[in-house]
Amino acid sequence: MKLTRSFNRSLWAFHFNSGSCNGCEIEIVAAITPRYDPERFGIKLVGTPRHADVLVITGPVVKKMKDRLLRVYAQMPEPKVVMCVGTCGISGGVFYDSYNLEGPVDEVIPVDVYVPGCPPRPEAIIHGVVKALEKLERIQGGGR
Amino acid sequence: MIASWELAMIVFSAVIVTIYGIVVGLFLLGVDRKLAAHMQARVGPPIRQPFIDLRKLLIKENVVPDNAIAWIFNLAPVVALASSIVILLYLPIGSIYPPLGAYGDLILVMYLLTIPALCMVAGGFASGSPYASVGAQREMVTMIAYEFPLAIVVVAVAWRLAAAGIQDPFTLGSIAAHPIWSVAGPLGIVGGLLLLLVMAVVTPAELSRIPFDTQEAETELAGGLLVEYSGKNLAMFYLSQGVKTLVMAAIAVAVFIPWNLSSIVTLPEGVALVADLLFFLGKVILVMFLSVSLVRVAMARFQINRVVSVFWIYLGLIGLVGLLLLMADAALPAAGVLA
Ligand code: SF4
């Protein structure tokens, strides 16, 4: 898959909640407010995984959500990047020993960028997107 | 019979119009996003953002779902784009007479306008997703709703021109040559303003923008009609959205504000053409700003059942009052002879 520069100037993100406490959601919404205005860089939230380039996942993966997460991941057209927002998705966070946890996100699908914090600040989320862009640029450089 | 050079001219102008429609359409989408961003005190994306989006969509994978009817699913975006470009061939651009202007009139344009919407409906049903099916049903309902007020506008304007004794009142050429404002008296001008209002409300519905974007509602229907589209097919719908924006603005310009710079101030030949084109672009942006960007920032989405009553009851009534005023204007000799 040959990536061009236009890819990282137009990232469409799909937000998926795999069992989050909604704290991360609030911060994601804060990150798309006019104050931070990610549309400057062509980033926007879309309503369906089919339109998405970035899958933004919040929360640990609970048992019921595992299949759905796999399915949404498969529904996204290539090339795609996965971003995991919040400590929960990275390690399980406060829910690490919960009885209905399938595990952190990267035990279910491959994750490209981690954004730690409980919940992470909007600045951190935007920084995560920048990291995702850098990763895409590396892919562009080296081919896939 | 059409002479072969004439056919060649039409083909040539069709190519030009296609390029022009796509470029200006995407440019309009960019301007719309920039204006909306400024209204929300944001910096907003660069104006060439839609071009970047388009290039990105073209390198994405094109997924055809297993339970979709593949040939309709793939055909719908192509036909949607092609048919919206065809409409442009019937509309005057600045002072340039439309390439197919002699072969079709405003009624034909009205019918052609339904084709992109029908393609989206077909594509939505063919994609085999419940969200898309609900979206397609809503699109049909919206289409039925706005068609009636739009027809009133078209018929009222053409009728008034006919009452003033103008030849071929339905052709866009003669509508553009005789603006309704110069034909009608004071009563008629009030009627014309009402019709302008109706046209301004029909435009966002035709373009499925807020407040009439129930069929694509991202928050309830996850993208509605377009839920299963990705990559190349989505890019084609994106393009046809841009071209349709240009088409709707150009119709409003041709019917309600058809003046050209060259008819107001005298300009040398070559300059006049360019000036007219720029002036036309300015008018198109103005129309789009007032009836798309401003409304979409200021309003929330209507419920689907409200959409129908907005169009059939309120706008239908406003349109009929406008029509009656135009008729009264033609019937009262004192007001009617001002032309
Ligand atoms: S990281 Fe914190 S805020 Fe985010 S979902 Fe987990 S517990 Fe909630």
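Each label point was placed 7 Å from the Cα along the Cα-to-Cβ direction; for B:MET39 and A:LYS63 their separation is 5.0 nm. Per-residue mean of foreign Cβ neighbours for A:34-42 is 5 (Cβ atoms of other chains, 10 Å radius). Counting protein heavy atoms only, the protein assembly as shown has 68 percent of its accessible area on carbon and sulfur, 1.4 angstrom probe. Placing unit charges on the Cβ atoms of the charged side chains and taking the dipole of the stretch B:4-334 about its Cα centre, the candidate lying farthest along the positive direction among B:ALA300, B:THR142, B:LEU234 is B:ALA300. Once the Cα atoms are used to define both axes, helix B:186-206 deviates from the longest principal axis of chain B by about 10 degrees. FRET efficiency for the pair B:THR114 and B:ILE257, taken as 1/(1 + (r/R0)^6) with r the Cβ-Cβ distance and R0 = 25 Å, rounds to 0.55. Under Stokes-Einstein, with the Kirkwood radius over Cα pairs as Rh, the value for the stretch B:186-318 at 37 °C and 0.692 mPa s is 195 µm²/s. In the protein assembly as shown, a dipole from Cβ-located charges (positive for Lys and Arg, negative for Asp and Glu) runs towards its positive end, and of B:TYR20, B:ALA177, B:PHE51 it is B:PHE51 whose Cα lies farthest in that direction.
Normalised by residue count, the stretch A:79-144 yields a Cα convex hull volume of 78 Å³ per residue. Label sites at B:ASN62 and B:ALA331, each approximated as a point 7 angstrom past Cα along Cα to Cβ, lie 5.7 nm apart.
Spread over its residues, the convex hull of the C-alpha atoms of the stretch A:43-96 is 83 Å³ per residue.
When accessible surface is computed with a 1.4 Å probe, chains A and B are found to bury approximately 2300 Å² between them, both chains counted. Here the spin labels are modelled as points 7 Å beyond Cα on the Cα-Cβ line, and at B:LEU278 and B:ALA8 they lie 3.4 nm apart. Checking the cross-link pairs B:LYS244/B:LYS283; B:LYS34/B:LYS232; A:LYS44/B:LYS60; A:LYS131/B:LYS232; B:LYS56/B:LYS232 against a 19 Å limit on the alpha carbon distance flags B:LYS34/B:LYS232; A:LYS131/B:LYS232 as lying beyond it.
D by Stokes-Einstein for the stretch B:250-332, Kirkwood Rh over Cα pairs, 37 °C, 0.692 mPa s: 205 µm²/s. Per residue, the convex hull spanned by the Cα atoms of the stretch B:13-127 amounts to 152 cubic angstrom. Of A:HIS51, B:HIS178, the residue with the largest accessible area leads and the full order is B:HIS178, A:HIS51 (1.4 Å probe). Across the stretch B:4-334, Cα-Cα pairs more than 39 Å apart make up 13 percent of the total.
Using just its DSSP H runs of length 4 or more, each adding -39500 (n - 2.57), chain A gives a mean residue ellipticity at 222 nm of -10500 deg cm²/dmol after division by all residues.
At a probe radius of 1.4 angstrom, the accessible area of the stretch A:11-141 per residue rounds to 45 square angstrom.
For the protein assembly as shown, taking Cα atoms only, Rg and Dmax work out to 25.2, 87 Å respectively. For the peptide A:70-82, the mean number of other protein chain Cβ atoms found within 10 angstrom of a residue's Cβ is 2.
Neighbours of B:TYR97, meaning other residues whose beta-carbon lies under 14 angstrom from its beta-carbon, give a summed charge of -4 when Lys and Arg score +1 and Asp and Glu score -1. Net charge of the neighbourhood of A:GLY59, taken over other residues with C-beta under 14 Å away and scored Lys/Arg +1, Asp/Glu -1, is -1. Taking a quarter of the surface of the Cα convex hull of chain A gives a mean projected area of 7.9 nm². Computed with a 1.4 Å probe over protein heavy atoms only, the accessible surface of chain B comes to 42 Å² per residue. For the stretch A:17-74, a Kirkwood radius taken over Cα pairs fed into Stokes-Einstein (10 °C, viscosity 1.306 mPa s) yields D = 125 µm²/s.
The values are calculated or read from the model by the stated rules, or taken from the named source; none is laboratory data. Nothing here was measured: the structure is a model prediction, and the numbers come from that model. Note that each Cβ is placed from the backbone with ideal geometry, even for glycine, and that neighbours are counted across all protein chains shown. Remember, those area values only see protein heavy atoms, side chains included, never the ligands or the DNA or RNA. Shrake-Rupley method; radii C 1.70, N 1.55, O 1.52, S 1.80 Å.
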